[in-house]
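Note sheet for the following structure.
The values are calculated or read from the model by the stated rules, or taken from the named source; none is laboratory data. The structure displayed is predicted, hence computed values, not measured ones. Counting neighbours? That spans all protein chains shown, and the Cβs are built from the backbone with ideal geometry, glycine included.
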Amino acid sequence: MKRSLFFTCVVMMTMCAAAQAHDVITTPVTWDREISRIFYSRCVACHRDGGAAFSLMEYKDAFPWRTAIKEEVLERRMPPWGAVKGFGDFRNDQALTPEQLELLTSWSQGGSPEGEDKDLPPKDKLNEMMQESAWFHDGPGDGPDAAERHHSAAVAVSGDVKLVKPLTLDGLLPKSVPAGSFQIIAEFPDGRVEPLLWLDDYKEQFAHPFLLRSPVELPAGTVISGIPPGATIFLLPEEKK
Amino acid sequence: MMGMKFGFATLLLVAGILRAQNPPIAPLPSQNAGTVYICPMDPDVRSSNPGKCARCGMSLVAGLPDPVEYHLHLDVTPKPVKPGQPANLTFEIHDPWKERQVTKFQIVHEKLFHMFVVSQDLQVFLHNHPTLGSDGDFHYEYVFPKSGLYRILGDFYPDGATPQLIAKSVIVPGPAPKPVSFTRDYSPKDTENMTVELVTDPPQPISGFKTQMYFRVKPGEGLEKYLDAWGHMLAASEDLIDMIHEHPFIADGGPQIQFNVVFPRAKSYRVWVQFQRKGVVNTARFDVPVKALGQ
């Protein structure tokens with residue numbers, strides 16, 4: 001068994017070395033120009049020296065992961081935002097845009113070139129981009145308790161619920177969520193239906209709140225539906241200043 | 001041991017595909033010294049010289065601002081919106097720094113704003129163009145034909161920024177349509193004044209890898225550019241999570257139009273393509289199941 005494992009490792013290392021040596025550059029997208037900017041705005045808040053995950057701060061760090069990176073971002077497993085873009089509008093949105101996905105795919109498939117030093121943003125600017133990320137100081141993986149810590153009036157709901165009093169909704173935080181894809185909506189007393197949050201492959205290990213860009217006024221009688229059996233979601237009311 | 005053999009075979013297959021994806025080509029402009037001119041719409045199209053994008057016809061620009069996502073707010077009135085009745089769609093765009101309303105836009109493919117509407121059951125498809133009002137918002141009157149979820153894709157280019165492609169969701173109250181399930185459909189489509197055929201390479205598209213989609217139109221003469229491109233494509237995954245907007249990779253007005261698409265996930269995709277012939281816009285629809293590598 002150990003011999004088989006050793007053999008497999010040797011084959012994989014040989015193939016990786018061969019792939020690196022023979023990668024032909026077929027993309028104009030480079031680490032120095034496009035990819036570093038995407039990584040510092042969306043990945044490096046966690047993937048850094050001293051961060052929650054292995055570093056992707058430098059080209060030499062990212063290159064060995066180029067194929068896995070493409071798979072992870074196309075499957076929306078990374079960044080671990082866990083929600084579908086454009087269903088609800090969130091001020092701490094960390095999902096990649098279609099343009100960013102296209103650039104990362106092109107870079108990964110096209111030989112993952114480093115580019116030219118002149119195109120790399122100055123260190124200060126990269127650090128600024130990293131620190132502006134919503135997850136630099138706060139999550140993901142902050143844990144469901146973040147709701148209680150940051151929103152003292154958080155309301156835990158399970159299943160369909162009808163609000164008995166008005167609520168100004170500032171965000172949502174999933175506490176326990178089964179695997180899968182489900183849409184949480186607000187059904188207003190006047191008959192309109194508004195999308196709130198479409199969770200898709202949300203992972204509790206990366207628990208984080210979804211903070212609305214603009215608070216939503218939910219009158220008494222509004223029904224929050226779409227929360228599957230067994231799941232608990234915190235409704236985060238707007239904090240009074 | 002069996003597992004190891006399978007793993008080794010998979011590795012060889014992956015290596016083969018990676019090699020196949022990377023044919024040798026001439027050095028790219030980005031590897032040369034000096035200014036690089038980039039297409040704002042197709043950022044992989046670059047040149048050492050100013051000019052037009054060979055793919056979509058837009059003017060190349062020297063360098064580009066950092067890609068930053070703008071904020072698109074969509075309001076639908078009256079509330080609640082009702083199926084079969086006119087609704088007013090208002091798109092308001094704000095910058096991401098100070099939430100100031102943006103009122104200056106670049107023309108992309110002859111229009112300031114392109115809108116795609118796809119219904120939950122993927123039966124409804126619309127590509128049209130909201131107009132800019134004096135209030136700085138884009139407006140469009142639309143009749144949602146049935147209840148359910150609609151995904152609306154806004155494609156616009158704020159002045160001084162990069163092109164934006166942003167999805168929004170509208171729910172029309174009422175019974176939700178039945179869950180969609182479709183199988184491969186590459187059959188030729190008779191449209192307004194042409195027949196459209198589809199061949200893909202590879203024949204079975206693989207998620208995460210490039211699929212070359214060859215559309216062949218008959219009759220082969222009379223093809224014209226529609227909105228400054230030889231064709232337009234929207235691909236939507238069966239779950240409406242992926243919305244891909246593409247223009248031809250290779251087209252010259254002849255009967256074959258090639259799109260290159262990377263389908264992100266192992267799902268079925270409904271693909272709409274639009275071509276113009278003799279002043280008539282043709283829309284054809286195909287269903288493309290995509291599998292994972294080794295599936």
I'm told residue B:212 meets every condition in (1) modelled with pLDDT of 95 or more; (2) within 25 Å of residue A:75 (Cβ to Cβ); (3) surrounded by 17 or more Cβ atoms within 10 Å (Cβ to Cβ); (4) within 14 Å of chain A (Cβ to nearest Cβ) except one. Can you identify the failing condition by its number? (3)
Inside the range A:170-189, the number of residues satisfying the requirement of being under 15 Å from residue A:87 (Cβ atoms) and β-branched (Val, Ile, Thr) is 2
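Taking the range A:27-59, which residues are of a type in the set (Lys, Arg) and over 18 Å from residue A:106 (Cα atoms)?
Listed by number, the list holds a single entry, A:48.
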On the given criteria, is residue A:178 within 17 Å of the chain's Cα centre (by Cα) and either away from every other protein chain (no Cβ under 14 Å) or without any contact (Cβ under 8 Å) to a residue 40 or more places away in the chain (or both)? no
With respect to residue B:262, is the statement that it is under 24 Å from residue A:82 (Cβ atoms) and in contact with a helix residue (DSSP H, G or I) (Cβ under 6 Å, 6 or more places away or on another chain) true? yes
Residue that is farthest from residue A:205 (Cα to Cα), among those in the range A:58-93 that are more than 14 Å from chain B (Cβ to nearest Cβ) and free of Cβ contacts under 8 Å to residues at least 24 places away in the same chain: A:60
Could you check residue B:91 against (1) surrounded by fewer than 19 Cβ atoms within 10 Å (Cβ to Cβ); (2) farther than 30 Å from residue B:212 by Cα; (3) of a type in the set (Phe, Trp, Tyr) and say which number it fails? (1)
If you take the residues of the range B:99-110 that are surrounded by fewer than 19 Cβ atoms within 10 Å (Cβ to Cβ) and in contact (Cβ under 8 Å) with a residue 60 or more places away in the chain, which of them is nearest to residue B:61 (Cα to Cα)? B:106
Only listed residue being away from every other protein chain (no Cβ under 11 Å) and on the phi > 0 side of the Ramachandran plot, chosen from B:133, B:160, B:174: B:160
Subset of the range B:146-166 (residues that are under 18 Å from the mean Cα position of the chain (by Cα) and touching a residue at least 40 places away in the same chain (Cβ under 8 Å)): B:151, B:152, B:153, B:154, B:155, B:156, B:157, B:162, B:163, B:164, B:165, B:166
Considering only residues that are within 21 Å of residue B:114 (Cβ to Cβ) and part of a loop (DSSP other than H, G, I, E, B), look in the range B:233-263 and name the one that is farthest from the other protein chains (Cβ to nearest Cβ). B:251
Only one of these conditions is not met by residue B:221: (1) at the interface with another protein chain (Cβ under 10 Å from one of its Cβ atoms); (2) among the charged types (D, E, K, R); (3) part of a loop (DSSP other than H, G, I, E, B). Which number is it? (1)
Tally up the residues in the range A:158-183 that are within 16 Å of residue A:215 (Cα to Cα) and part of a strand (DSSP E or B), please. 7
Do you know which residues across the range A:94-129 are in a loop (DSSP other than H, G, I, E, B), within 18 Å of residue B:243 (Cβ to Cβ) and more than 8 Å from chain B (Cβ to nearest Cβ)? A:95, A:96
Within the range A:62-84, is even one residue over 16 Å from the mean Cα position of the chain (by Cα), in a loop (DSSP other than H, G, I, E, B) and charged (D, E, K, R)? no
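Quick grid of which residues meet (1) within 24 Å of residue B:294 (Cα to Cα); (2) modelled with pLDDT of 95 or more:
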{"site": "B:203", "(1), (2)": "yes, yes"}
{"site": "B:219", "(1), (2)": "no, yes"}
{"site": "B:228", "(1), (2)": "no, no"}
{"site": "B:236", "(1), (2)": "yes, yes"}
{"site": "B:245", "(1), (2)": "no, no"}
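Output the strands (runs of 3 or more DSSP E) that fall wholly within the range A:184-241 and possess 3 or more residues being at pLDDT below 95, or say none.
The qualifying strands (runs of 3 or more DSSP E) are A:210-218, A:232-237.
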In this structure, does residue B:199 turn out to be hydrophobic (A, V, I, L, M, F, W, C), modelled with pLDDT of 95 or more, surrounded by fewer than 19 Cβ atoms within 10 Å (Cβ to Cβ) and in a strand (DSSP E or B)? yes
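Among the residues of the range B:175-186, is there at least one that is aliphatic (A, V, I, L, M), at pLDDT 95 or above and either over 21 Å from the mean Cα position of the chain (by Cα) or in the same structural domain as residue B:272 (by TED's automatic domain parsing) (or both)?
At the first step, the residues of the range B:175-186 found to be aliphatic (A, V, I, L, M) are B:176, B:180.
Retained after the next criterion (residues that are at pLDDT 95 or above): none.
No, the range B:175-186 contains no residue that is aliphatic (A, V, I, L, M), at pLDDT 95 or above and either over 21 Å from the mean Cα position of the chain (by Cα) or in the same structural domain as residue B:272 (by TED's automatic domain parsing) (or both).
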